[in-house]
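Below is one structure, written out as structure tokens, with a few remarks after it.
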Amino acid sequence: MERARAVAATVVDPELPMLTLADLGVLRDVEVSALGGVVVSITPTYSGCPAMATMRDDLVRTLRSEGFADVEVKIALRPAWTTDWITPAGRAALAGAGISPPGSAPRRDGPVPLSLGPVRRANRCPRCDSGDVELTSEFGSTACKALYRCRACLEPFDHVKEI
């Protein structure tokens, strides 16, 4: 089982290729049956994530190339993924690639409040570390990222939204 998990943990996210699925926190479980079949569980970063099919295909291809002939990938929806599951190495990789890593995910006990105003996030420019940043667009290069601009160095950058 350790070998199958180690192999699965090398698969990178198709939208954030500086992160493995393990560092992103979407790789939830890897089991090996007595007959050698591998079952991998992954959790989407948000409902309708378009990268899930590619993640599944990449996991199957990678595990099969390492000798695991029988591979199944399951989608685990509970508990829901949170940005808190991104590992410290994953956060460092995001920052190293010029993407602002998320802060702590909001804690809610009950319904999610609807707010139509701008989202306030405490983030810093991944290039110059300035906190003087402004939201340019709530949607960046993917739906799970927002686009910001640093007022100090004037560089645009993505920020992974806290979920």
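The values are calculated or read from the model by the stated rules, or taken from the named source; none is laboratory data. Just so it is clear, the structure is predicted and the values come from calculations on it, not from any experiment. Every residue, glycine as well, gets a Cβ built from its backbone with ideal geometry; the counts of neighbours run over all protein chains shown.
List of remarks:
- Figure legend. Inter-residue proximity from the stretch 60-84: first residues touching a residue at least 12 places away in the same chain (Cβ under 8 Å), second residues of a type in the set (Gly, Ala, Ser) and crowded, with 17+ Cβ neighbours inside 10 Å, beta-carbon distance below 7 Å, spacing 6+ or different chains. Indicated pairs: Leu63/Ala4; Leu63/Ala8; Phe68/Ala4; Trp81/Gly25.
- For the stretch 144-163, the set of residues classified as assigned to a strand (DSSP E or B) and of a type in the set (Val, Ile, Thr) consists of Val160 only.
- When Ala69, Ala89, Ala146, Ala152 are checked against the criterion of being within 30 Å of Val7 (Cβ to Cβ), surrounded by 11 or more Cβ atoms within 10 Å (Cβ to Cβ) and not polar (S, T, N, Q), a single residue qualifies: Ala89.
- Matching residues in the stretch 3-37 - criterion: being buried (at least 17 other Cβ atoms within 10 Å of the Cβ), closer than 14 Å to Ala89 by Cα and among the small types (Gly, Ala, Ser): Ala22, Gly25
- Conditions (1) assigned to a helix (DSSP H, G or I); (2) in contact with a Phe, Trp or Tyr (Cβ under 7 Å, 6 or more places away or on another chain); number of the one not met by Thr54: (2)
- Residue among Leu16, Leu63 that is at pLDDT 95 or above and either within 20 Å of Arg3 (Cβ to Cβ) or under 16 Å from the mean Cα position of the chain (by Cα) (or both): Leu63
- Residue count for the stretch 66-85, restricted to those that are modelled with pLDDT of 95 or more and under 17 Å from Thr142 (Cα atoms): 0
- Residues (over 8 Å from the mean Cα position of the chain (by Cα), over 14 Å from Asp84 (Cα atoms) and not polar (S, T, N, Q)) located in the stretch 19-30: Asp29, Val30
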